[in-house]
Amino acid sequence: MYKSFFKRMIDFFIAFLALIILSPVFIIVAIGLYFANRGKPFFFQARPGLNEKIFKIIKFKTMNDKKDADGNLLSDAERLTSIGAFVRKTSLDELPQLINVLKGDMAIIGPRPLLPQYLPLYNETQKRRHEVRPGITGWAQVNGRNAISWAKKFELDVWYVDNLSFLTDCKVFFTTFKKVFKSEGISQEGQVTTEAFNGKN
C-alpha cells in the first residue's frame, strides 16, 4: 500500500512544501548561476525513470560551457565555476529536482536516475533499479554516493527496490542530511564527479 499509493502522496507533499520553504534559496542560487553561466542557471538532461521511461531531469548548472581552440568542451574541473563548486558541495544542485517530483517523474527517495546510454549495459539484476521511480537521494547515496563502485551502487539500488518501505525511506531521508552536512562521497578520489559506467566497472 505504501509503495503503490502513500509514497507518491508523501513525495508530492514534501516536494511542494520544500519548494515553498526553500524558494528564497532557490531564487538566490538561480540568480548567481545565471550570471556565472551566461544566462543558463539550469541544466536539463534526458534520464530514464520508472520502467525506463525517459524524462527531462532539472538541476542547477554548476559548470559553464567553455571550449578549447578546437571547439571541444574543456574538462569538468576546468568548467566547474566557483559558485557551482559551492552549490555541488552543499547538494543544492539537486534542489530543482523537486519540480520533477511534483510532476511524478521522480520520488524523494529512490535509485538515482542515470544516463540513457547506460540502459543497454545493465545486466538483468541491475535493470531492476527501474522498477521504482528514481529519487533525489537514495540507499546508494547514503551508503557511499559517488565514492563507491558502480557495481556496489547497483547492488544497493536493487536492495532498495526489494526492501522499499516507509521505515527505509525515513532512514534514507534523515541520513541524507547528515551526509550533506559532512559533504561525504560527492566525488570519486581525484575526480570532480565520478567516472562513466561502461558495463564492467
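Throughout, read-outs are computed from the coordinates displayed, never taken from laboratory work. Computed from a prediction, not measured in an experiment: that's the story for all the values here. Positions of Cβ are backbone-derived with ideal geometry, glycine not excepted, and every protein chain shown enters the neighbour counts.
Work from the charge dipole of the chain (Cβ charges, +1 for Lys and Arg, -1 for Asp and Glu, about the Cα centre) and give the residue of Val87, Ile108, Met9 farthest towards its positive end.
Farthest towards the positive end: Met9.
How many times 2.2 N^0.38 Å is the alpha carbon radius of gyration of the range 40-132?
That works out to 1.23 for the range 40-132.
Going Cα to Cα from Lys171, which aspartates and glutamates come in below 20 Å? Please leave out same-chain ones fewer than 8 positions away.
Of all the aspartates and glutamates, those that pass the test against Lys171 - Cα under 20 Å, at least 8 places apart if same chain - are Asp11, Glu94, Glu155, Asp157, Asp162, Glu184.
Semi-axes, largest first, in whole Å: what does sqrt of 5 times each Cα gyration tensor eigenvalue give for the range 104-155?
The answer is 16, 15, 9 Å, longest axis first.
To the nearest 20 debye, what is the magnitude of the charge dipole of the range 49-125 about its Cα centre, counting +1 on the Cβ of each Lys and Arg and -1 on the Cβ of each Asp and Glu?
Here the size comes out at about 280 debye.
Tell me, what is the percent relative contact order of the chain, built from C-alpha pairs under 8 Å that lie six or more residues apart?
20
Stokes-Einstein at 37 °C, 0.692 mPa s, Kirkwood radius from Cα pairs: D for the range 68-121 in µm² s⁻¹?
234
Which residues' amide hydrogens lie under 5 Å from the amide hydrogen of Met106, considering only partners 5 or more residues apart or on another chain, with H built in the peptide plane?
Answer set, sorted by chain and number: Val101.
Return the long-range amide H neighbours of Gly49 (sequence gap of 5 or more, or a different chain), with a cut-off of under 5 Å between placed amide H atoms.
Ile54, Phe55
Report, ordered by chain and residue number, the lysines lying within cross-link reach of Lys178, taken as a straight Cα distance under 22 Å and ignoring same-chain residues fewer than 8 apart.
Lys59, Lys89, Lys152, Lys153
What value in Å³ per residue do you get for the convex hull of the alpha-carbon atoms in the chain?
About 125 Å³ per residue, rounded to a whole number.
By a straight-distance test (C-alpha under 13 Å), which aspartates and glutamates pair with Lys53 as possible cross-link partners, with residues fewer than eight away in the same chain excluded?
Hits, sequence-local ones excluded: Asp105, Glu131.
What FRET efficiency comes out for Asn123 versus Trp159 if R0 is 22 angstrom and r is the Cβ-Cβ distance? Round to the nearest 0.05.
Between Asn123 and Trp159 the formula returns 0.90.
Read phi for every residue in the range 170-181 and hand back ³J(HN,Hα) as whole Hz from Karplus 6.51 cos²θ - 1.76 cosθ + 1.60, θ = phi - 60°, with x for Gly and Pro.
4, 4, 5, 4, 6, 5, 4, 4, 5, 5, 5, 4
Would you work out the charge dipole size for the chain about its Cα centre, treating the Cβ of every Lys and Arg as +1 and the Cβ of every Asp and Glu as -1, and quote it to the nearest 20 debye?
320
Specify which residue in the list Thr62, Leu98, Phe181 is farthest towards the positive end of the charge dipole of the chain, using unit charges on the beta carbon of Lys, Arg (+1) and Asp, Glu (-1), about the Cα centre.
Looking along the dipole axis, the top candidate is Leu98.
Just to be sure I follow the definition: excluding the sites themselves, where is the longest run in the chain that has none of the GluC sites (Glu not before Pro) in a DSSP loop with at most 14 other Cβ atoms within 10 Å?
After excluding every exposed loop site, the longest remaining stretch is 1-123.
Of the residues Leu19, Leu156, Leu33, which exhibits the maximal mean-square fluctuation in a Gaussian network model of the chain defined by a 10 Å Cα contact cut-off?
Result for the chain, Cα springs under 10 Å: Leu19 fluctuates most.
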